[in-house]
Amino acid sequence: MKTVHAIQKQEKSGRPGRFFRQLSACFLAALCLSAFFPGCASARENGASVKEPASVTVFAMDTVMDITVYGGPEGLTADAEGLIHSLEAAFSVTDPDSEIYAVNEAGGGSVGADTEVLLLDALTLSERTGGTLDCTIYPVLRAWGFTAGDYRIPSAEELDALLPLVDWRSVELKDGHVSLEQGQMLDLGAVAKGYTGDRLIELFRSAGVTSALVNLGGNVQTLGTKPDGSLWRVAVADPFGEGYAGVVETADRAVVTSGGYERYFEEDGRIYRHILDPESGIPVDNGLVSVTVVGKSGVLCDGLSTALFVMGEKKAADFWRGADDFDAILLTEDGRILVTEGLERIFSPAGNWRDAPVTVIRHGEN
């Protein structure tokens, strides 16, 4: 009999499970904040006048979220927490009260403004990436058990029956009403945290905040610079273990990482990761272990981090060469780092990746 090991806790392989990795990722983020982001006391020592930060930690969208805001009106972090929960309530694929759940059950229906905008963003990215990001992947993702944690390997016959449902071009969206083909289901998880980060930054900016850090469990977004005027230093997680693979120095940008290490299960010694190829319905195994995308838009970076992972090293590089609104860091299974030229001077390898070979992807090169 085949045995299935769900990676929910520390396994013999030494890789942490999904929940523990998310907790350790948040702990890592806290370490990075402590190590790289000077606090108010040090800023005052340098002669700067900095308000005490307001912080809040929220568990939502299946991850731990940390938000730190410098300045702004009293109660702003409570507003941020309320916004997060309201968006989760609309976007969840498993909550029977969510808008997406209702659309999936009925094959269509009316949605609110946030869901409409996010779905439009997802469809736009699906078109831009040629379907390597496909917001209708949910029936296949569910067949693998990645949504509820009841992991299994679907048969070839089951996948053959489900794959015709994976086609973002069949989704109709008009005036807040969604229509799906029979059997189709939406999953906006690949872009939901990015959109949430964008909305939080919008909330803070409208409140007059000029310095804030939003860490949504692998999705980091920065507003302005640090209070002392220096750049934020955002860590990129090491996909092979604890610690981090590098640091990006940035301001007013989103830094979003996707990797097969985030959620996976093992059966008969083989690991199956949660990022699926929409064309085959099979977990991606192309030599990449992590993709980080840096840009102004959180939803763009969130969606493209998944899409580039599916594309693989060469197609991802070619895709970037045809774009002008993001940069990327690719980490490979054989221990190489590829960075697009926009990050050449602001990304530094670290930890076990400090001495890894680095290739800079440039425009005009193949």
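The values are calculated or read from the model by the stated rules, or taken from the named source; none is laboratory data. For clarity, every value in this text was computed on a predicted model and none was experimentally measured. Please note: Cβ atoms are built from the backbone with ideal geometry, for glycine as well, and neighbour counts cover all protein chains shown. Calculation scope for accessible area: heavy atoms of the full protein, side chains included, ligands and nucleic acids excluded. Shrake-Rupley method; radii C 1.70, N 1.55, O 1.52, S 1.80 Å.
Side notes on the structure shown:
- Taken as Cα centroids, region 118-175 and region 287-306 sit 18 Å apart, rounded to the nearest whole angstrom.
- Mean Cα-pair separation over length for the chain, i.e. relative contact order, pairs under 8 Å, 6 or more apart, %: 17
- Split the accessible area of the chain by element, probe 1.4 Å, and carbon with sulfur accounts for 49%.
- If you sort the three axes of the alpha carbon gyration tensor as a ≥ b ≥ c, you get a/c of 1.5 or more for region 235-281 and a/b no higher than b/c, which makes it oblate.
- Helical contribution to [θ] at 222 nm, DSSP H n ≥ 4, -39,500 (n - 2.57), averaged over the chain, rounded to 500: -10000 deg cm²/dmol
- With the simple spin-label model, which puts each label point 7 Å out from Cα in the Cβ direction, the N352 to E74 separation comes to 4.8 nm.
- In this calculation the C-beta distance from A156 to E181 is compared with R0 = 25 Å, giving a FRET efficiency of 0.65.
- In order along region 312-324, the phi-based Karplus estimate (6.51 cos²θ - 1.76 cosθ + 1.60, θ = phi - 60°) of 3J(HN,Hα) comes to x, 4, 5, 5, 5, 4, 5, 4, 4, 4, x, 10, 9 Hz; Gly and Pro are listed as x.
- Prolate/oblate/rounded label for region 80-234 (Cα gyration tensor, a/c 1.5): prolate
- 0 to 90° range, to nearest 10: angle between helix 113-128 axis and the chain longest Cα axis: 70
- Gyration tensor (alpha-carbon) shape descriptor, region 159-315, a/c threshold 1.5: oblate
- Region 324-366 and region 237-279: distance between their alpha carbon centers, rounded to Å: 15
- For region 135-237, relative contact order (Cα pairs under 8 Å, six or more residues apart, normalised by length) works out to 20 percent.
- log10 of Debye I(q)/I(0), alpha-carbon scatterers only, for region 266-344 at 0.12, 0.17, 0.21 Å⁻¹: -0.35, -0.66, -0.96
- Over region 214-336, accessible surface divided per residue gives 33 Å², non-protein components excluded, 1.4 Å probe.
- Of the residues A106, P96, T129, the one whose Cα sits farthest toward the positive end of the charge dipole of region 53-139, with +1 on the Cβ of Lys and Arg and -1 on the Cβ of Asp and Glu, is T129.
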